[in-house]
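A quick write-up on the structure given underneath.
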Amino acid sequence: MPLRGRGAKYSRARGVVEWTLANAYRRDWPARVVRSLGMQRRIQVRRHRIAAPRWPESARPLRIAFASDLHAGPTTHATVLDDAFAALASVQADVLLLGGDYVFLTADRIPEIASRLARLPRPPLGVFAVMGNHDLWADDAAIADALANAGARVLVNERVMLDAPFDHVALVGLDDPWTGVRVQPPFLADDVVRVLLVHAPEAMLYLDQAAFDVALCGHTHGGQIALPGGVPIVVPGPASRTFAHGRYDLPDRRTLIVSRGVGSTEVALRWNADPDILVVELGGS
């Protein structure tokens with residue numbers, strides 16, 4: 001398939017694979033087969049509590065909802081997306097963060113995400129999104145426009161301060177570290193609470209000791225097919241194996257949380273890697 005976005009590392013071999021899958025998976029039969037066999041996994045809501053050293057004593061915790069790797073396409077059944085957005089609506093978050101990879105194979109499927117996002121009750125502090133590798137390959141400009149029209153602000157190596165009463169919190173949205181534009185963000189260096197939003201844990205390889213309080217990402221799918229106990233069989237890169245899913249407490253009181261994501265890519269089946277969304281309570285000690 002032709003590269004329509006600005007993503008790097010889209011080889012001829014990758015194009016052949018995607019063209020083959022797009023033609024083989026017509027009418028979304030992989031997702032329908034998995035659902036009909038009763039093998040479709042339910043969305044899990046995984047909750048985390050993070051203590052930020054710079055959190056003001058008088059401020060209540062910030063509730064963050066996070067969803068990644070929605071992957072609208074032939075290997076993600078529509079009901080999986082319905083369940084994910086229903087879960088996001090139920091948590092009543094202050095802010096919603098979206099971690100990229102909204103589609104699989106083609107940007108033509110982004111309306112399936114945008115329409116659900118537009119119907120979602122808007123969190124008080126808004127919706128913020130970053131791009132993933134599949135978005136950057138498919139057509140990131142079209143995807144970003146659709147998300148913006150649905151009420152999300154798309155961040156590309158950009159920092160925003162949240163509105164009061166959380167104006168002590170900086171949100172930094174980075175481009176996908178594997179296929180996008182890498183930066184060493186100087187906007188992580190001041191005395192505020194810092195939330196880092198990025199698609200893939202590969203960002204940890206080049207951010208080095210950059211200061212943040214919590215980083216949220218997806219990309220790994222938890223392997224999508226994993227051994228009992230959630231040990232992934234195949235993940236996309238060494239950092240994704242090191243940070244396959246869950247919470248990681250890093251030096252200098254930094255916390256990385258990796259979601260298994262919602263949808264599927266090359267195969268529709270998930271095994272020992274149930275899809276999830278995250279709810280993160282960020283506050284004081």
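Checking each residue in segment 51-74 for being closer than 16 Å to F104 by Cα, aliphatic (A, V, I, L, M) and not in a strand (DSSP E or B) picks out only L70.
Would segment 76-90 turn up any residue that is part of a loop (DSSP other than H, G, I, E, B) and either basic (K, R) or closer than 21 Å to P177 by Cα (or both)? Checked against the condition, which is being part of a loop (DSSP other than H, G, I, E, B) and either basic (K, R) or closer than 21 Å to P177 by Cα (or both), segment 76-90 yields no hits at all. The set of residues in segment 180-196 that are outside any strand (DSSP E or B) and modelled with pLDDT of 95 or more contains only G180. I50 passes every criterion in (1) farther than 30 Å from H168 by Cβ; (2) surrounded by 19 or more Cβ atoms within 10 Å (Cβ to Cβ) apart from (1). Taking (1) modelled with pLDDT of 95 or more; (2) in contact with a Gly (Cβ under 7 Å, 6 or more places away or on another chain) in turn, A215 satisfies each apart from (2).
Taken together, the residues in segment 152-177 that are free of Cβ contacts under 8 Å to residues at least 40 places away in the same chain and under 17 Å from the mean Cα position of the chain (by Cα) amount to 6. Within segment 10-21, residues that are in contact (Cβ under 8 Å) with a residue 12 or more places away in the chain sit with their Cβ atoms under 6 Å from residues that are part of a helix (DSSP H, G or I), at 6+ positions apart or across chains, in these pairs: Y10/W137. Residues in segment 249-261 that are buried (at least 24 other Cβ atoms within 10 Å of the Cβ) and not β-branched (V, I, T): S259, R260, G261. Out of A164, A170, one residue alone is outside any loop (DSSP other than H, G, I, E, B) and either modelled with pLDDT of 90 or more or loosely packed, with under 15 Cβ neighbours inside 10 Å (or both). It is A170.
Of everything in segment 128-161 that is assigned to a helix (DSSP H, G or I) and among the small types (G, A, S), the residue that is surrounded by the fewest Cβ atoms within 10 Å (Cβ to Cβ) is A141. Filtering segment 214-242 to residues that are crowded, with 23+ Cβ neighbours inside 10 Å, out of contact with any His (no Cβ under 7 Å at 6 or more places or on another chain) and assigned to a loop (DSSP other than H, G, I, E, B) leaves only Q224.
Taking the conditions exactly as written (assigned to a loop (DSSP other than H, G, I, E, B), surrounded by fewer than 16 Cβ atoms within 10 Å (Cβ to Cβ) and of a type outside the set (A, V, I, L, M)), does S264 satisfy them or not? No; evaluated as a whole, the condition is false for this residue.
The values are calculated or read from the model by the stated rules, or taken from the named source; none is laboratory data. Values in this document were obtained by computation on a predicted structure and should not be read as measured data. No Cβ is skipped: glycine too gets one built from the backbone with ideal geometry, and neighbour counts run over all protein chains shown.
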